[in-house]
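J.: Input: one structure, supplied below.
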Amino acid sequence: MLKVGLTGGIGAGKSEVSRLLVSYGAVLIDADRIAREVVEPGTPGLAAVVAAFGDGVLTADGTLDRPKLGAIVFADADRLATLNAIVHPLVGARSAELESHAGAGDVVVHDVPLLAENGLAPLYDLVVVVDASPETQLDRLVRLRGMAAPEAEARMAAQATRAKRLAVADLVIDNDGPLDALEPQVRKIWDELERRARAAGGDAQAE
């Protein structure tokens, strides 16, 4: 098994890279999706979030009001740290459980938005960073996701700097350009991941 950490700043295009890797055969473990699961109604995660932030972060039907919680934590680093301390251990445990079901020869891609921020690079055999300039990120968030510029800037500021992400990268995908320039890069990365997975499998058999 080859364990890959995939990360990138908000608006960098990491989701599209994940989709392409899955289409090639990767086993995807999506930290964002798991983060939503662990705070679904009735979970200990949601109970802990409500205890920390109050009933005001719930919608009328008892689910987590993500926009409201986001507005709170992305404007206050201490509150963001509180939320992360609740959610991250739950996500880590569920990710490990899912990884345990992967096959010995699989390329397992962990899609982790906050990989650099939380010093998680050593957990993976290699790290792939989807890179885009801050200007491109901001444009995509405002133009494609409909965010107000101040909200988009706050979310970007809450993440690692571009330099910090690139510092943990073993492989970099440049997604500063058009979508049709992305697929050939991802295909090349996938070929390299498969090569490394085969090499790792051979080493394991030799042992």
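J.: Stretch R19-E117 to full length: gain in nm at 0.36 nm per residue minus the Cα-Cα span?
T.: Details: separation 98, 0.36 × 98 = 35.28 nm, distance 2.31 nm.
Result: 33.0 nm gained on full extension.
J.: To the nearest 20 debye, what is the magnitude of the charge dipole of the stretch 93-191 about its Cα centre, counting +1 on the Cβ of each Lys and Arg and -1 on the Cβ of each Asp and Glu? List each step's numbers first, then the result.
T.: Details: 10 positive and 17 negative charges, 55 e Å.
Taking the Cα centre of the stretch 93-191 as origin, the dipole is about 260 debye.
J.: Excluding same-chain residues fewer than 8 positions from K164, which aspartates and glutamates have a Cα within less than 16 Å of its Cα?
T.: The reachable aspartates and glutamates, counting only those whose Cα sits under 16 Å from K164, are E117, D131, D174.
J.: Between R143 and K164, 0.36 nm times their residue separation minus their Cα-Cα distance comes to what? Present the calculation step by step, with values, prior to reporting the outcome.
T.: Working: separation 21, 0.36 × 21 = 7.56 nm, distance 2.57 nm.
5.0 nm is the gain from fully extending R143 to K164.
J.: Let me check against my output: what whole-number percent is the relative contact order of the chain, with C-alpha pairs under 8 Å and at least 6 apart? Present the calculation step by step, with values, prior to reporting the outcome.
T.: Numbers: 279 pairs, mean separation 76.4, N = 207.
Reported as a whole number, the value is 37 percent.
J.: Once you have a ≥ b ≥ c as the square roots of the Cα gyration tensor eigenvalues for the stretch 64-122, tell me rounded if a/c is under 1.5, and otherwise prolate or oblate according to whether a/b is larger than b/c. Intermediate values should be presented prior to the final figure.
T.: Details: a/c = 2.82, a/b = 2.20, b/c = 1.28.
Prolate is the answer for the stretch 64-122, as a/c is 1.5 or above and a/b outweighs b/c.
J.: For the chain, report the accessible area per residue in Å² (1.4 Å probe, heavy atoms, rounded to an integer). Don't skip to the answer; put the middle values down first.
T.: On the way: 10510 Å² over 207 residues.
In whole numbers, the chain has 51 Å² accessible per residue.
J.: Suppose a student asked you for the relative contact order of the stretch 36-137, using Cα pairs under 8 Å spaced at least 6 residues apart; what percent would you report?
T.: Working: 45 pairs, mean separation 18.4, N = 102.
Across the stretch 36-137, relative contact order equals 18 percent.
J.: Determine ³J(HN,Hα), in whole Hz, for all residues of the stretch 174-190 in sequence, where each value follows from phi through the Karplus function 6.51 cos²θ - 1.76 cosθ + 1.60 and θ = phi - 60°; x replaces Gly and Pro.
T.: 3J(HN,Hα) across the stretch 174-190, in whole Hz: 7, 10, 8, x, x, 4, 5, 8, 7, 4, x, 5, 5, 4, 5, 4, 4.
J.: Evaluate the Debye formula for the stretch 107-198 with equal point scatterers sitting on the alpha carbons, no solvent, and hand back log10 of I(q)/I(0) at q = 0.14, 0.21, 0.22 Å⁻¹, in q order, two decimals.
T.: Calculated log10 I(q)/I(0) at the listed q: -0.58, -1.16, -1.22.
J.: How big is the charge dipole of the chain about its Cα centre, in debye rounded to the nearest 20, if each Lys and Arg gets +1 on its Cβ and each Asp and Glu gets -1 on its Cβ?
T.: For the chain, the charge dipole is close to 160 debye.
J.: Still on this structure: Taking the structure as given and computing Cα Rg over 2.2 N^0.38 Å, which label from [x] 0.98; [y] 1.07; [z] 1.03 fits?
T.: [y]
J.: If amide hydrogens are placed 1.01 Å from N in the peptide plane, which non-local residues have theirs closer than 5 Å to the one on L58?
T.: Correct list: D65.
J.: Set Lys and Arg Cβ to +1 and Asp and Glu Cβ to -1, take the dipole of the chain about its Cα centre, and tell me which of A148, Y24, L114 lies farthest positive.
T.: A148
J.: Just need the relative contact order of the stretch 120-207 here, percent rounded to a whole number, with Cα pairs under 8 Å and 6+ apart.
T.: Working: 57 pairs, mean separation 30.8, N = 88.
RCO, the stretch 120-207: 35 percent.
J.: Can you give the calculated 222 nm mean residue ellipticity of the chain, where each DSSP H run of n ≥ 4 adds -39,500 (n - 2.57) and the sum is split over every residue, rounded to the nearest 500 deg cm²/dmol?
T.: Values: 9 runs with 109 residues, N = 207.
The helix-only estimate for the chain comes to -16500 deg cm²/dmol at 222 nm.
J.: For the chain, take the longest principal axis of its alpha carbons; what is the angle in degrees between that and the long axis of helix 77-99, to the nearest 10 within 0 to 90?
T.: 40 degrees
J.: Could you check how much of the accessible area of the stretch 1-75 is carbon and sulfur, as a whole percent, using a 1.4 Å probe?
T.: Values: 1860 of 3270 Å².
C and S fraction of accessible area: 57 percent.
J.: Enumerate the calculated ³J(HN,Hα) couplings along the stretch 114-125 in order (Karplus 6.51 cos²θ - 1.76 cosθ + 1.60, θ = phi - 60°), each rounded to whole Hz, writing x wherever the residue is Gly or Pro.
T.: Result, rounded to whole Hz: 9, 4, 5, 4, 9, x, 8, 3, x, 6, 10, 5.
The values are calculated or read from the model by the stated rules, or taken from the named source; none is laboratory data. As the structure is a prediction and not an experimental result, all values here were calculated from the model. Note: ideal-geometry Cβ built from the backbone for every residue, glycine included; neighbour counts use all protein chains shown. The area values use the complete protein model at the heavy-atom level, side chains included, leaving out ligands, DNA and RNA. Shrake-Rupley method; radii C 1.70, N 1.55, O 1.52, S 1.80 Å.
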